[in-house]
1. If residue 333 passes every condition in (1) within 13 Å of residue 416 (Cα to Cα); (2) at pLDDT 95 or above but one, which one does it miss?
2. Any idea which residue in segment 354-369 is surrounded by the most Cβ atoms within 10 Å (Cβ to Cβ), counting only those that are part of a loop (DSSP other than H, G, I, E, B) and touching a residue at least 40 places away in the same chain (Cβ under 8 Å)?
3. Output the strands (runs of 3 or more DSSP E) that fall wholly within segment 1-96 and possess 3 or more residues being surrounded by fewer than 23 Cβ atoms within 10 Å (Cβ to Cβ), or say none.
4. I'd like to know if segment 174-182 contains one or more residues that are out of contact with any strand residue (DSSP E or B) (no Cβ under 8 Å at 6 or more places or on another chain) and either assigned by TED's automatic domain parsing to the domain that holds residue 40 or touching a residue at least 12 places away in the same chain (Cβ under 8 Å) (or both).
5. Checking the condition at pLDDT 95 or above and under 19 Å from residue 127 (Cβ atoms), which residue from 37, 74, 84, 46 passes?
6. State whether one or more residues within segment 531-545 are in a loop (DSSP other than H, G, I, E, B) and in contact (Cβ under 8 Å) with a residue 40 or more places away in the chain.
7. Which residue out of 494, 470 is surrounded by 23 or more Cβ atoms within 10 Å (Cβ to Cβ) and farther than 22 Å from residue 316 by Cβ?
8. Return only the number of the condition from (1) at pLDDT below 95; (2) surrounded by 19 or more Cβ atoms within 10 Å (Cβ to Cβ) that residue 579 does not satisfy.
Amino acid sequence: MCGIIGVTADPEVYGNVVPRLVEGLKLLEYRGYDSAGFALVECGTGRLVVLKDKGRIDDIVEKYRVTGYCAATGIAHTRWATHGAPSRVNAHPHMDCSGRIAVVHNGIIKNFAELRAMLEERGHRFQSETDTEVIAHLFEEYLRQGLEPLDAFRRLVSVVEGAYAIALIHLGEPSRIYFARNVSPLIIGLGNGFNAVSSDIPSLLPLTRRVLALRDGEYGFIEPYKVYIEYRGRPVAWSERVTHVAWSVEAASKGGYPHYMLKEIMEQPRVLYETYMGLLSSDEVQRAASLIASAGRVFITGAGTSYHAGLVFAYYMATVAGTPVYAFIASEHETYANLFDSDTVLIAVSQSGETIDTLQALRAARKRGSKIIAVSNVVASTIPRESDVAIYTRAGPEIGVAATKTFLTQVLALTLLSLEVARLRGAVSESMYSESVKRLADSGRKAGEGLERSSRQVERLVGLLKEVKSMYILGRGLGVPLALEAALKVKEVSYIHAEAYPAGESKHGPIALVEEGFPVIFIGADDGDMRDRLQSNVMEMKARGAYTVVVGSNAYSGMKGVDMYIGLGAFDELTAPYAVIPPLQLLAYKLAVALGRDPDKPRNLAKTVTVE
């Protein structure tokens, strides 16, 4: 959830790293933060300068004139409060008693209270409420005891417990940045005359495309011309793990759109095509399907949007492959842990590949001998690395906090997986399988058509909905998980309460809230199979005074009791998500803008949740 960027460079070759730290930190804004800061080894004086505060990066940079400083080594951080309220004192970086050590950290140090008590007994004075400050004082303590810096850091890593990504600098080695990773992601960026460390790839793109994803338990240091990694006291050979990132710097920018969210909604026709072609040209789906076809039980898990993608997969597995799949929210994995065994496959869906709840579910299943399939957008992230098979979507970087293009690329990957399982189990013929796979080639085109056909109606609907405090979004069959995702998007970015549930459940309680003008959006996610049943649901809502909207295929035009129909063209259940979801994402986005919200940075939310 927090962000880290650190750069150390040869000043004769690379010059001042401060502008790169500022730029890199801004590219981590999407992870969510409440404060930010910089620690710089100042050129000329050799002083360790720390500049930090609560608030936005731009405001902090201006207030403290950050870009007026020169440094060849520095670390920077965006903080999402977990220990201690957002404040200047609690913002990172944190220092030791001497002011010669600075540290930034993502995650939670579970044993920080006992470590702090021990350090205070030995005379260390703390300035903040955070768990992170313990790291700086612990390093200082080990140096006081006479340990060499690497030995001190090695011991530090052996003592701290929890999920963490750490970057640390000290004046004894002004061109070195120490790092450590356990659970929280950390990546090395490799350059010529410099090296960098970051919590996520986008911040490294202005510097390099050669990256190395650290693994749990690894630690070490970077210098301008050296990368050194250890695991449990032994050096790690890492050169063969270096990967080339194909994303361009421009791909992580807004590309002329006012917000990342809108840019990413409009990118869906392209990224769906790229994901489709990428999956067809690899064996990821086939290998995953083989595991599922031979399994006794299949589970799928994720958090938020990824869970909704899992529900779509469970629907297709039931209706196309004739195979039950148990979908559960990752944070509830303990409920299902006793069902995991060696005859089980767990599919772990995570946009970032680092979602802590999903990672914990994966590890619980792995511990009991289950096979693991990952679906992720980030190559070499933790969840794919700890899986038997990884299916990668090709959505590119998604900067907006609310998931848009990653949802539909997940759905596309999982739909192809369900079709392959159906083929292996004989639930569909070879010809039906081939025809279905070919139809999915239209996923990107359906997304584009849906956006084009709905734009005017969405604008009109925004004018009506921006005044309301609550709404229902309903569906049947496949429409249920799509409604759940649409409602989540509305809540996330507009802050209007939106509730989704199966349309047939209205009479069992929710209809009690319906009164004159209450908005109810119905999703027709097929070629008309559910029309008659959805029609009766529309009428029961209309009879209570609801304002009714139907979003669906051509087959849903002309329904009685409908105040607004948003027609999205011809499609069936296989291609419905790609036509239906983008217009509803656009609705959520435009509602947010109309209400003066920032759709890229919704309040209280973060892009990647890496702490419990």
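The values are calculated or read from the model by the stated rules, or taken from the named source; none is laboratory data. Just so it is clear, the model here is predicted, and its values are computed rather than measured. Note: ideal-geometry Cβ built from the backbone for every residue, glycine included; neighbour counts use all protein chains shown.
1. In the conditions (1) within 13 Å of residue 416 (Cα to Cα); (2) at pLDDT 95 or above, residue 333 misses (1) alone.
2. Once the filter is applied, the top-ranked residue is 355.
3. Correct list: 48-54.
4. no
5. Just a single option satisfies the conditions, and that option is 37.
6. no
7. Exactly one of 494, 470 is surrounded by 23 or more Cβ atoms within 10 Å (Cβ to Cβ) and farther than 22 Å from residue 316 by Cβ, namely 494.
8. Result: residue 579 fails condition (1) only.
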